[in-house]
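Remarks on the structure that follows.
Throughout, read-outs are computed from the coordinates displayed, never taken from laboratory work. Keep in mind that what you see is a predicted model, and the values were worked out from it rather than measured. Don't worry about glycine lacking a Cβ; one is built from the backbone with ideal geometry, like all the others, and counts go over all protein chains shown.
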């Protein structure tokens, strides 16, 4: 708050009244500016909490439907890794309208455009699958875009929570995304075994994560090195 108000100024009691009034008015303006800044910060914090609460409630709503109970353990594992709810919501958005709407709303409130079906790499992935109809392909491409946008909100931080080492992501993400894609195909009247869907899902997640992995790996290694140095110092 001191930065917003500027440095403290001194004044002598024997100065003219007009000068004292001038200083007093300036001080009032600074206090008002500082108070307004704090109010804006608190408002943003409340808005952020409200957004996070909405996202969490949408996930609870998703799990509340009996047909998705089998995904509870996977979602719980990601929550245990402190994976942000918005990324989980983006994964679920392919098969749950409320999750898709809330994820898009969340990202728009963060100044992002709505996900589109123009994700070049995702288009290339789906082109190799002639057995997927055009409507389904468009939804999958938008899904890839949505997951990548959710990740981009705080990519390095999110990936660090999901990484088990400098090269690998917790397999729970792949499992959850595979079940989601499998259900999406079922919704489009196409049955596909988990083992057949998983390679496509892995390629999709590779597309989602790859733009951010270099920075995340570097940060992961820095943290690992720092942790090793701390342990060595304690032993000494």
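Among the residues making up region 105-115, a single one is within 22 Å of residue 136 (Cβ to Cβ) and crowded, with 20+ Cβ neighbours inside 10 Å: 115.
Do you know which residues across region 179-201 are in a helix (DSSP H, G or I), touching a residue at least 24 places away in the same chain (Cβ under 8 Å) and either crowded, with 16+ Cβ neighbours inside 10 Å or in contact with a helix residue (DSSP H, G or I) (Cβ under 6 Å, 6 or more places away or on another chain) (or both)? Scanning region 179-201 gives 179, 180, 181, 183, 184, 185, 198, 200, 201. Is there a residue being exposed (fewer than 13 other Cβ atoms within 10 Å of the Cβ), at positive phi and outside any helix (DSSP H, G or I) anywhere in region 53-75? No, every residue in region 53-75 fails to be exposed (fewer than 13 other Cβ atoms within 10 Å of the Cβ), at positive phi and outside any helix (DSSP H, G or I).
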